[in-house]
Amino acid sequence: MSGLPSPTLSRMLVSLVLALLACFALLSNNNNIIEAVPRGHDSSSGTVHADEVSGTFYKDAPFDDTYPEPQKLSQKTGGSNTTATTSTQQPYIFTRTWPAMSAATDTADQPDDEEVFPEPEYVRLLDASFLFYEAQRSGKLPEDQRVKWRNDSALRDGNDTTQDLSGGYYDAGDYLKFIFPLTFTLTEICYSGLEFFDGYVLANQTHYLDQMVRWGTDWLIKAHPNNNTLYVQVGIDEVDNAYWGGDTGIPNPRPAYFVSDTHPGTDVMADAAAAFASCSILYRERLNDAEYAATLRQHAESLYSLAETSQPMQEYQKVVPAVACCYASMSFFDDLAWGAAWMFWLTDDATYVAKAGSYMDQESSKNTTMISPISWDDKIGFLYVLMAKLTKGTADGSKWQNLAETFAQFTLDASKPCAFTKGGMYYCYGYSGDDSAVVAANAAFAMALLAHDIETSMSPADMESMAVGSPTRTKIDSYKAFAVKQVRYLLGDNPEKMPYVVGIHPNSPTNPHSSLAAGGRDTDTIDTIPSREAHVLFGALVGGPDKDDRFIDQRSNWRQNEVALDYNAPFTGLMAYQVMSSHDPPPYVQISERGRSSHGPSRTTGGATVSIVALVASLISVAVVAVCVGICHKKRSQIRYWIDVQKERTGRKKPVIQQRLYSTSTFDGLGVVECEKGGQGVSVEGAEFKAAGPPGPAAACSDQMDPAISAAAKLGSGGGSEETLTCGPTAVQPDK
């Protein structure tokens, strides 16, 4: 015999080689998926074109990536009482001339080095963030709605009560409406409007600032129909999270939940008071609408009183268990202190300063960690920053200033539980797992507020004469550097080379977890139907990468790719800050490569991933077969001997246990052997008998049976021989 493989093995090898060649061909055809520039980007000129369309579209949800045109309007800006006319901006994702993604571009295609202020990309980022909030609107949409693919929706919210609760914002990538993240979002947006208003003015965005805030506060007014009631949720998690589709098919029921003076939710009442108070100040001091400011103030005062007087003081999930699915609160003392701080700014009543201090003392008795990362549920860091500003020059000023600086140092040092990732993102264990981008953005926003507060508290002359390296200058520079570093990370200066904002660059996430934008059908096909999202959710900040700076752009990956109201809140403020302070464009402007560089593998799309997996599988299969062939060749003598032995044995009949047993035993086919002893039947369940031959029902004796019992089984097939087996403590096998 020759040492060559058998014809069967040869055919198998040929088949595998052909499969391998097919995989190479598939990979070659999909090369444009791995390396090509996304749709709408011309790699030869480096220019993004809105009219270039490629790929397969989902017929039931046509792809829409048209950036909405801003309105032409005349808007009155606050403070200076000047009038700024909003110019018509071009669709910002299509106006930047990007460096080529695959080859060197002509120098004419590179952005010039001439300084432009304000930097237009930050202007467009700010505008895009407001577009995200327009996309999240619920209820009857206004005529000037720029996100045209949205529809009127959830018009019957509140139908199970006597209160109209239509309107407001959908919280995240679904259709639930919650008070808690909304109130924190509005407070943070209004805070940025008060502190960074110049950025909104320079970007001609004060009109959209007004629209975004008013859409939220108008709904909050509905949710607070009287002095004793606050609605906190519309919709139910079990129903909503089972639906993955457009805004015209939102499932019912959508029950409304509330807290009241008899069923208090201290935390959510105080936080809503903070939202009303902060936005009242914005309309009073910046947006010049005294009447609306007065309305918001009335609600702020009513809700803060309700929070303080309703007993017992408690977290709101104790009376509204439905919120525990998503936004259970850890404490209410920080919310009371946060609300008191904003009430102090609103009313100039010093008793609120004492309240803020008292509530924080009570919080410290309950919570030993009084310095922690900022989130919708933990506002302590923001509280320190705000109170340091409001109490400057008073008897309480040094106390709050020290707390603010302690928080700042905690943030700058990335103290435990926080750390900087290898790529430079501020990441906090226990906080950043589901939304790392917003944790970093909140920290950056707080540092920007601190730097701005120091600068605005000094005269221009003092700022000019401040020595480099002085303690104050060092603080300002370190706070600014932290904020800018985190902004740059979120906008592309990271190992993934990805700006974590949808629609601003070819490398941006393309699969945000958004039922509104996806155009999907159901949760079972969330990642596959449609193959590309039906609509671009411009301006949405996604959850962000993991602790290793890695990001998976997949719709079902809600931990990294979810969008939410509170995610964009600090981001909006940071963009306003960048508009008024930055002379450099965002890092994504210079990004000319895709995916990771030295930090890890490049990102690929689904089609390319399938090709690579198929290629690897084929290589492994070929390697396994080659090893097997080699072993067979080396052991061919032993194999031939084993085959000869097996052929010899095939002449002997193998014992086969029949399902029906003879003589003194019967088998019922269900694992029960009946044996006779002294004329009495004995049943033994689960008994097994290991006989030589093919698997099948078996008669058996076990140690549960009396050793004196004997059974006869007819072995063999057809006219096989009969053997007598003797039962004992251990089943006895027949001789082979």
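Taken over the range 364-396, the criterion of being at pLDDT 95 or above and in a helix (DSSP H, G or I) is satisfied by ILE380, GLY381, PHE382, LEU383, TYR384, VAL385, LEU386, MET387, ALA388, LYS389, LEU390.
With respect to (1) among the aromatic types (Phe, Trp, Tyr); (2) in contact with a Phe, Trp or Tyr (Cβ under 7 Å, 6 or more places away or on another chain); (3) open to solvent by 10 Å² or more (accessible area, probe 1.4 Å), the lone exception for TYR243 is condition (2). Take the conditions (1) out of contact with any Lys or Arg (no Cβ under 9 Å at 6 or more places or on another chain); (2) more than 28 Å from THR206 (Cα to Cα); (3) crowded, with 19+ Cβ neighbours inside 10 Å; PRO255 misses just one of them, which is (3). Within the range 285-318, the set of residues being crowded, with 17+ Cβ neighbours inside 10 Å, outside any helix (DSSP H, G or I) and over 28 Å from the mean Cα position of the chain (by Cα) comprises ARG286, LEU287, ASP289, SER310, MET313, GLN314.
Given the residues ASP462, ASP477, ASP453, which is the only one that is on the phi < 0 side of the Ramachandran plot, part of a helix (DSSP H, G or I), touching a residue at least 60 places away in the same chain (Cβ under 8 Å) and charged (D, E, K, R)? Steps first, please.
Working: ASP462 fails: touching a residue at least 60 places away in the same chain (Cβ under 8 Å); ASP477 fails: touching a residue at least 60 places away in the same chain (Cβ under 8 Å).
Step by step, each of ASP462, ASP477, ASP453 is checked, and only ASP453 is on the phi < 0 side of the Ramachandran plot, part of a helix (DSSP H, G or I), touching a residue at least 60 places away in the same chain (Cβ under 8 Å) and charged (D, E, K, R).
Residue-level check: of (1) modelled with pLDDT of 95 or more; (2) open to solvent by 20 Å² or more (accessible area, probe 1.4 Å); (3) not in a helix (DSSP H, G or I), ARG214 misses just (3).
Residue count for the range 258-284 under the criterion of being surrounded by fewer than 19 Cβ atoms within 10 Å (Cβ to Cβ) and either among the β-branched types (Val, Ile, Thr) or closer than 13 Å to PHE180 by Cβ (or both): the result is 1.
Residues that are within 30 Å of ASN241 (Cβ to Cβ) and outside any helix (DSSP H, G or I) within the range 322-358 comprise CYS326, TYR327, ALA328, SER329, MET330, SER331, PHE332, listed in sequence order.
Of the residues making up the range 412-455, those that are in contact with a strand residue (DSSP E or B) (Cβ under 7 Å, 6 or more places away or on another chain) and among the hydroxyl-bearing types (Ser, Thr, Tyr) are THR421, TYR426, TYR427, TYR431, SER436.
One residue stands out in the range 465-474 among those that are assigned to a helix (DSSP H, G or I) and open to solvent by 50 Å² or more (accessible area, probe 1.4 Å): the one that is farthest from THR572 (Cα to Cα), namely SER465.
Taking the conditions (1) β-branched (Val, Ile, Thr); (2) under 27 Å from ILE374 (Cα atoms); (3) part of a helix (DSSP H, G or I) in turn, ILE552 satisfies each one other than (3). In the range 102-120, the count of residues that are modelled with pLDDT of 50 or more, open to solvent by less than 20 Å² (accessible area, probe 1.4 Å) and not aliphatic (A, V, I, L, M) is one or more. Are any of the residues in the range 158-167 outside any loop (DSSP other than H, G, I, E, B) and either crowded, with 24+ Cβ neighbours inside 10 Å or of a type outside the set (A, V, I, L, M, F, W, C) (or both)? Scanning the range 158-167 turns up no residue that is outside any loop (DSSP other than H, G, I, E, B) and either crowded, with 24+ Cβ neighbours inside 10 Å or of a type outside the set (A, V, I, L, M, F, W, C) (or both). Within the range 569-595, the set of residues being open to solvent by 10 Å² or more (accessible area, probe 1.4 Å) and aliphatic (A, V, I, L, M) comprises MET580, ILE591.
Restricting the range 170-197 to residues that are within 18 Å of TYR243 (Cβ to Cβ) and of a type in the set (Ser, Thr, Tyr), the residue that is surrounded by the fewest Cβ atoms within 10 Å (Cβ to Cβ) is TYR175.
Going residue by residue through the range 398-418, is there one that turns out to be free of Cβ contacts under 8 Å to residues at least 60 places away in the same chain and within 20 Å of ARG559 (Cβ to Cβ)? Yes, the range 398-418 has at least one match.
Condition check: touching a strand residue (DSSP E or B) at 6+ places or on another chain (Cβ under 9 Å) and surrounded by fewer than 19 Cβ atoms within 10 Å (Cβ to Cβ). Does GLN554 satisfy that?
Spelling it out, GLN554 is indeed touching a strand residue (DSSP E or B) at 6+ places or on another chain (Cβ under 9 Å) and surrounded by fewer than 19 Cβ atoms within 10 Å (Cβ to Cβ).
Candidates VAL501, VAL484: the one that is modelled with pLDDT of 95 or more, β-branched (Val, Ile, Thr) and open to solvent by less than 20 Å² (accessible area, probe 1.4 Å) is VAL501.
Against the condition under 26 Å from the mean Cα position of the chain (by Cα) and in a loop (DSSP other than H, G, I, E, B), how does ASP144 come out, does it pass? In short, no. On the stretch given as the range 419-434, residues that are open to solvent by less than 30 Å² (accessible area, probe 1.4 Å) and either under 10 Å from GLN486 (Cα atoms) or outside any strand (DSSP E or B) (or both) total 6.
The values are calculated or read from the model by the stated rules, or taken from the named source; none is laboratory data. Just so it is clear, the model here is predicted, and its values are computed rather than measured. Virtual Cβ from ideal backbone geometry, glycine too; neighbours counted across all protein chains shown. The protein model used for the area step is the full one, side chains on, heavy atoms only, and it has no ligands, DNA or RNA in it. Shrake-Rupley method; radii C 1.70, N 1.55, O 1.52, S 1.80 Å.
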